[in-house]
Amino acid sequence: MNYGRDIERILISEAEIAKRVAELGEQISRDYAGRDIMLIAVLKGAYMFTADLIRKIEGDVSVDFISIRSYNGTTTSGEVHLLQDLKAPVYGKNILLVEDIIDSGITLSYLKNMLLARKPGSFKIACLLDKADRRQVPQVIDYAGFTIPNEFVVGYGMDYNEKYRNLPDICVLAPSEYQGDKA
Ligand code: 5GP
């Protein structure tokens with residue numbers, strides 16, 4: 001795919017993503033062998049990662065979706081709002097929460113507290129991208145795809161103001177695109 005000037009560079013290519021997602025799927029299949037998994041995809045950013053990951057997991061897997069909002073443009077608001085809750089109960093299930101990016105860790109701690117209160121049988125976290133240097137709330141991530149620097153990325157399901165989710169690679173957005181927005 002040809003990118004315009006709004007994309008600074010490709011950070012992680014489509015092929016690298018596919019390879020890493022397959023590795024994560026194999027690892028998850030081994031770890032959960034013989035046990036059911038309920039994947040919880042955090043919308044919207046994690047929908048593409050979840051769609052690819054679930055096809056690399058062997059065994060009985062169900063999926064449900066939760067929708068939250070914590071970002072405006074490239075800036076985290078520090079407040080997390082639940083837009084749409086799960087349809088299925090979590091009680092007693094082996095939950096694997098699937099996130100696109102862990103940045104400050106604020107969103108994850110909100111989701112973790114909410115879901116642990118519903119008493120799952122087990123609870124683990126998979127995230128595609130980890131901005132480890134940015135952490136404000138320490139987090140243990142069970143399955144992490146890539147550690148990335150503090151740059152605003154789009155593509156592979158991740159957006160800037162609802163654009164760029166369709167890019168097959170994970171790309172760094174040109175800072176000129178969000179000038180005036182506090183990064
Ligand atoms: P946290 O609460 O950990 O600071 O933020 C996590 C959420 O912020 C992610 O799930 C994602 O929605 C959003 N986010 C953080 N960094 C980026 C980024 O570089 N690009 C995009 N598109 N979203 C980001």
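The antiparallel fraction among DSSP beta bridges confined to the chain stands at about 35%.
Counting Cα-Cα pairs of the chain in 5 Å increments starting at 0 gives whole-percent bin shares of 1, 8, 17, 21, 21, 16, 9, 4, 2, 0, 0. Of the trypsin sites (Lys or Arg not before Pro) in region 1-32, the ones in a loop by DSSP (not H, G, I, E or B) with at most 10 other beta carbons within 10 Å are ARG5. For region 1-99, the antiparallel share of DSSP beta bridges with both residues in that region comes to about 30%. For the pairs LYS56/LYS93; LYS87/LYS124; LYS87/LYS131; LYS56/LYS124; LYS56/LYS163; LYS44/LYS87, flag any whose C-alpha to C-alpha distance is greater than 23 Å. Cα-Cα > 23 Å for LYS87/LYS131; LYS56/LYS163; rest within.
The calculated FRET efficiency for ALA33 paired with ALA132, based on their beta-carbon distance and R0 = 30 Å, is about 0.55. Put THR147, THR50 in order of accessible area, highest first, and with a 1.4 Å probe you get THR147, THR50.
How charged is the neighbourhood of GLN84? Take every other residue with its Cβ under 15 Å from the Cβ of GLN84, and add Lys/Arg as +1 and Asp/Glu as -1.
Working: positive: LYS44, ARG69, LYS87; negative: ASP64, ASP85.
Result for the local shell: +1.
Sites listed here are trypsin sites (Lys or Arg not before Pro) in region 71-148 whose DSSP assignment is loop and whose Cβ has at most 13 other Cβ atoms within 10 Å: LYS87. Every helix of 4 or more DSSP H residues in the chain counts as -39500 (n - 2.57), and over all residues that averages to -6500 deg cm²/dmol at 222 nm.
In a DSSP loop and with at most 12 other Cβ atoms within 10 Å, the GluC sites (Glu not before Pro) in region 85-165 are GLU162. Accessible area of MET38 (1.4 Å probe, protein heavy atoms only, ligands and nucleic acids ignored): about 0 Å². Taking only C-alpha pairs under 8 Å that are 6+ residues apart, what is the relative contact order of the chain in percent? Value for the chain: 26 percent.
Distance between the 7 Å Cα→Cβ label points at GLU26 and SER122: 2.0 nm. Roughly what would the spin-label model give for GLU151 and ALA18, points 7 Å off Cα along C-beta, in nm? It is 2.3 nm.
The values are calculated or read from the model by the stated rules, or taken from the named source; none is laboratory data. Quick caveat, the model's predicted, so the values are computed rather than measured. When we count neighbours, we look across all protein chains shown, and the Cβ atoms used for this are built from the backbone with ideal geometry, even at glycine. What goes into the accessible areas is simple: the full protein's heavy atoms, side chains included, and nothing from ligands, DNA or RNA. Shrake-Rupley method; radii C 1.70, N 1.55, O 1.52, S 1.80 Å.
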